Amino acid sequence: MPRRPEADDFYGDGRDAPTQLVVDTVLDRQRRTCIARLLDDLSDECAGRLQLDHVKSQPHVGAPVEKRGKRRRHRYRAPSDPAHLVAVCAHHHLDGWATSHRGAIRDWLSR
């Protein structure tokens, strides 16, 4: 039987970590499956562990956000709450599926 995901699995370093209640809410809402399986019948097979992905309510327009390095900032990242989080498998998170389907994910979250 697979191990139950916990909040520390997603953000072990403590930065704006979602609570266990938020993690469970997001996973239960999606029936503990990748968002790609729910939104896209044509997507390839899921692989890897589920990860939480932050989805902003509106796309950010403006100066680029530095994602790596000492000046790393998160002020443009969506909050760690169920209204802005989806679970996505490692494969669909890293291969660009989640980024290319942001509009569909926003629509799904707004229902």
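The values are calculated or read from the model by the stated rules, or taken from the named source; none is laboratory data. Remember, predicted model here, so these are calculated numbers, not experimental data. Cβ coordinates were reconstructed from backbone atoms using ideal geometry, including for glycine residues, and neighbour counts include every protein chain displayed.
Considering region 78-96 alone, what residues qualify as being surrounded by fewer than 20 Cβ atoms within 10 Å (Cβ to Cβ), in contact (Cβ under 8 Å) with a residue 40 or more places away in the chain and touching a helix residue (DSSP H, G or I) at 6+ places or on another chain (Cβ under 9 Å)?
Matches in region 78-96: ASP81, PRO82, HIS91.
Restricting to region 1-24, give me the number of residues that are surrounded by 15 or more Cβ atoms within 10 Å (Cβ to Cβ) and either at pLDDT below 70 or in a helix (DSSP H, G or I) (or both). Talk me through it step by step, then tell me what you get.
Within region 1-24, the subset surrounded by 15 or more Cβ atoms within 10 Å (Cβ to Cβ) is 5, 7, 10, 17-18, 22-24.
Still in the running and either at pLDDT below 70 or in a helix (DSSP H, G or I) (or both): 5, 7, 10, 22-24.
So the count comes out to 6.
Step by step: first the residues of region 25-36, then only those that are in contact with a Cys (Cβ under 9 Å, 6 or more places away or on another chain) and either modelled with pLDDT under 95 or not in a helix (DSSP H, G or I) (or both), then the one that is surrounded by the fewest Cβ atoms within 10 Å (Cβ to Cβ). Which residue is that?
THR33
Taking only region 89-110 into account, find how many residues are small (Gly, Ala, Ser) and under 12 Å from the mean Cα position of the chain (by Cα). Spell out the reasoning first.
First, pick out the residues of region 89-110 that are small (Gly, Ala, Ser): 90, 96, 98, 100, 103-104, 110.
Then keep just the ones that are under 12 Å from the mean Cα position of the chain (by Cα); that gives 90, 98.
Count: 2.
Pull out all pairs, ordered by first then second residue, where Cβ-Cβ is under 8 Å, the residues are six or more apart or on different chains, the first lies in region 10-31 and is over 19 Å from HIS93 (Cα atoms), and the second is of a type in the set (A, V, I, L, M) and at pLDDT below 95.
Once the first residue is over 19 Å from HIS93 (Cα atoms) and sits in region 10-31, its partners that are of a type in the set (A, V, I, L, M) and at pLDDT below 95 give THR19/ALA7; GLN20/ALA7; VAL22/ALA7.
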